[in-house]
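All remarks here apply to the structure that follows.
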């Protein structure tokens with residue numbers, strides 16, 4: 001790919017290539033935008049088919065984190081790392097410690113966390129070399145498993161979307177079709193069941209399905225049937241690109257609100273569900289509970305404070321809906337506009353150079 005052409009088109013700031021021959025580290029750190037603050041985004045480890053594919057994924061994910069962090073109201077920019085390798089075979093201590101030194105060399109411009117293919121234990125190894133890492137073990141003052149907090153944010157966002165679609169945010173008696181019952185969705189199902197929602201679930205992992213059936217009284221369906229079930233809310237919580245030409249025509253839900261990333265296969269599918277009258281809670285707004293939670297670690301983790309911030313996902317979804325109405329946009333585009341407007345306001349406010357105390361002290365030396 002033409003890297004600099006891509007960087008210029010989407011206003012990226014920096015790409016760092018990290019190599020350590022001894023450990024086998026091959027990593028790409030992409031920093032998209034730091035207008036709001038240092039770039040925060042996880043480290044993904046994956047067997048990419050090519051280096052171009054790895055670069056493209058890092059860039060795409062970094063830009064997505066800019067929008068997610070901005071929409072969540074965090075004072076953080078967007079970045080992401082991909083490590084090329086098999087997470088089941090290629091990991092070693094030297095790799096993550098070498099990577100930690102690369103992060104340290106950026107002097108706080110980028111802060112990482114766990115992502116697909118990496119774990120808390122991997123973050124602990126990175127932490128041996130740098131403090132610019134979140135999602136480490138609770139013994140180091142971390143927040144621990146982010147799944148329950150992410151689920152709580154999705155639950156709050158779902159209630160906001162329900163209020164727009166049904167005139168009330170109560171989920172009592174509403175039928176919710178949950179696609180994928182992994183770590184996040186399991187906790188989401190618990191919130192929904194406690195409020196009295198009726199659950200229809202599916203997952204390729206039969207144990208996950210059985211757990212939801214036994215603990216929450218859910219009805220199980222085959223994975224291919226989840227799109228066409230009679231329900232009020234469709235909650236995609238597994239794979240991306242599940243909102244597409246094939247599935248949209250089957251959907252009977254009035255609301256789409258779930259934890260999965262990149263739910264729209266193409267932007268035009270957001271237009272199609274808008275035309276169909278479905279209220280869509282944009283994925284990177286509704287599933288931001290995890291990043292909100294780990295971001296709180298940067299202040300010295302306080303769970304009560306973090307959960308209070310995550311509750312605000314309800315208000316963020318309502319703001320997206322307001323912008324959509326104001327500007328006559330589908331909600332996926334309204335979410336982008338909300339994030340872009342916040343970044344633009346901060347960029348404009350920083351156009352006036354104001355010295356801080358540290359700058360003054362340095363000049364006096």
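The values are calculated or read from the model by the stated rules, or taken from the named source; none is laboratory data. Quick caveat: nothing in here was measured; it's all calculated off a predicted structure. Counting neighbours? That spans all protein chains shown, and the Cβs are built from the backbone with ideal geometry, glycine included.
Do the conditions hold for residue 287, that is, is it within 15 Å of the chain's Cα centre (by Cα), touching a residue at least 12 places away in the same chain (Cβ under 8 Å) and either surrounded by 23 or more Cβ atoms within 10 Å (Cβ to Cβ) or within 17 Å of residue 159 (Cα to Cα) (or both)?
Yes.
Within the stretch 274-284, track down each residue that is more than 15 Å from residue 73 (Cα to Cα) and surrounded by fewer than 24 Cβ atoms within 10 Å (Cβ to Cβ).
Selection gives 274, 275, 276, 277, 278, 279.
Would you point out which residue out of 298, 329 is outside any helix (DSSP H, G or I) and either touching a residue at least 60 places away in the same chain (Cβ under 8 Å) or touching a helix residue (DSSP H, G or I) at 6+ places or on another chain (Cβ under 8 Å) (or both)?
Values: 298 fails: outside any helix (DSSP H, G or I).
Step by step, each of 298, 329 is checked, and only 329 is outside any helix (DSSP H, G or I) and either touching a residue at least 60 places away in the same chain (Cβ under 8 Å) or touching a helix residue (DSSP H, G or I) at 6+ places or on another chain (Cβ under 8 Å) (or both).
Determine if the stretch 45-52 includes at least one residue that is in contact with a strand residue (DSSP E or B) (Cβ under 8 Å, 6 or more places away or on another chain), under 22 Å from residue 102 (Cα atoms) and assigned to a loop (DSSP other than H, G, I, E, B).
Within the stretch 45-52, one or more residues are in contact with a strand residue (DSSP E or B) (Cβ under 8 Å, 6 or more places away or on another chain), under 22 Å from residue 102 (Cα atoms) and assigned to a loop (DSSP other than H, G, I, E, B).
Residues that are in contact (Cβ under 8 Å) with a residue 24 or more places away in the chain and within 16 Å of residue 297 (Cα to Cα): list the helices (runs of 4 or more DSSP H) wholly contained in the stretch 111-219 that include at least 2 such residues.
120-127, 147-166
Tell me which of these residue 348 doesn't satisfy, since it passes every other one: (1) within 30 Å of residue 199 (Cα to Cα); (2) at pLDDT below 95; (3) assigned to a helix (DSSP H, G or I).
That leaves (1) as the condition not met.
Can you tell me how many residues in the stretch 8-30 are in contact with a strand residue (DSSP E or B) (Cβ under 8 Å, 6 or more places away or on another chain), more than 19 Å from residue 118 (Cα to Cα) and touching a residue at least 60 places away in the same chain (Cβ under 8 Å)? Give the steps one after another, and end with the answer.
Going residue by residue through the stretch 8-30, those that are in contact with a strand residue (DSSP E or B) (Cβ under 8 Å, 6 or more places away or on another chain) are 10-19, 25-30.
Subset that is more than 19 Å from residue 118 (Cα to Cα): 10-16.
Next, from what is left, pick out any that are touching a residue at least 60 places away in the same chain (Cβ under 8 Å): 14, 16.
Count: 2.
Look through 212, 220, 197, 177 and report the one residue that is within 28 Å of residue 325 (Cβ to Cβ) and in contact with a helix residue (DSSP H, G or I) (Cβ under 6 Å, 6 or more places away or on another chain).
Details: 212 fails: within 28 Å of residue 325 (Cβ to Cβ); 220 fails: within 28 Å of residue 325 (Cβ to Cβ); 197 fails: in contact with a helix residue (DSSP H, G or I) (Cβ under 6 Å, 6 or more places away or on another chain).
Going through 212, 220, 197, 177 in turn, the sole match is 177.
Could you check how many residues of the stretch 1-44 are surrounded by 13 or more Cβ atoms within 10 Å (Cβ to Cβ) and in a loop (DSSP other than H, G, I, E, B)?
Qualifying residue count, the stretch 1-44: 12.
Can you tell me which residue among 208, 183 is in the same structural domain as residue 302 (by TED's automatic domain parsing), modelled with pLDDT under 95 and surrounded by fewer than 22 Cβ atoms within 10 Å (Cβ to Cβ)?
So the residue among 208, 183 that is in the same structural domain as residue 302 (by TED's automatic domain parsing), modelled with pLDDT under 95 and surrounded by fewer than 22 Cβ atoms within 10 Å (Cβ to Cβ) is 183.
Identify the single condition in (1) touching a helix residue (DSSP H, G or I) at 6+ places or on another chain (Cβ under 8 Å); (2) more than 28 Å from residue 134 (Cα to Cα) that residue 288 does not satisfy, given that it satisfies every other one.
Looking at each condition in turn, residue 288 falls short on (2).
Could you pull out the residue among 246, 225 that is in contact with a strand residue (DSSP E or B) (Cβ under 8 Å, 6 or more places away or on another chain) and either surrounded by fewer than 14 Cβ atoms within 10 Å (Cβ to Cβ) or not in a helix (DSSP H, G or I) (or both)?
When all the criteria are applied, what remains is 225.
Would you check which residues across the stretch 60-84 are surrounded by fewer than 24 Cβ atoms within 10 Å (Cβ to Cβ), at pLDDT 95 or above and farther than 22 Å from residue 313 by Cβ and list them?
Within the stretch 60-84, 84 is the sole residue that qualifies.
So residue 89 fits all but one of (1) out of contact with any helix residue (DSSP H, G or I) (no Cβ under 8 Å at 6 or more places or on another chain); (2) within 24 Å of residue 10 (Cα to Cα); what number is the exception?
Among (1) out of contact with any helix residue (DSSP H, G or I) (no Cβ under 8 Å at 6 or more places or on another chain); (2) within 24 Å of residue 10 (Cα to Cα), the lone unmet condition for residue 89 is (2).
Quick check on the stretch 271-279. Is at least one of its residues assigned by TED's automatic domain parsing to the domain that holds residue 332, free of Cβ contacts under 8 Å to residues at least 40 places away in the same chain and either touching a helix residue (DSSP H, G or I) at 6+ places or on another chain (Cβ under 6 Å) or in a helix (DSSP H, G or I) (or both)?
Within the stretch 271-279, one or more residues are assigned by TED's automatic domain parsing to the domain that holds residue 332, free of Cβ contacts under 8 Å to residues at least 40 places away in the same chain and either touching a helix residue (DSSP H, G or I) at 6+ places or on another chain (Cβ under 6 Å) or in a helix (DSSP H, G or I) (or both).
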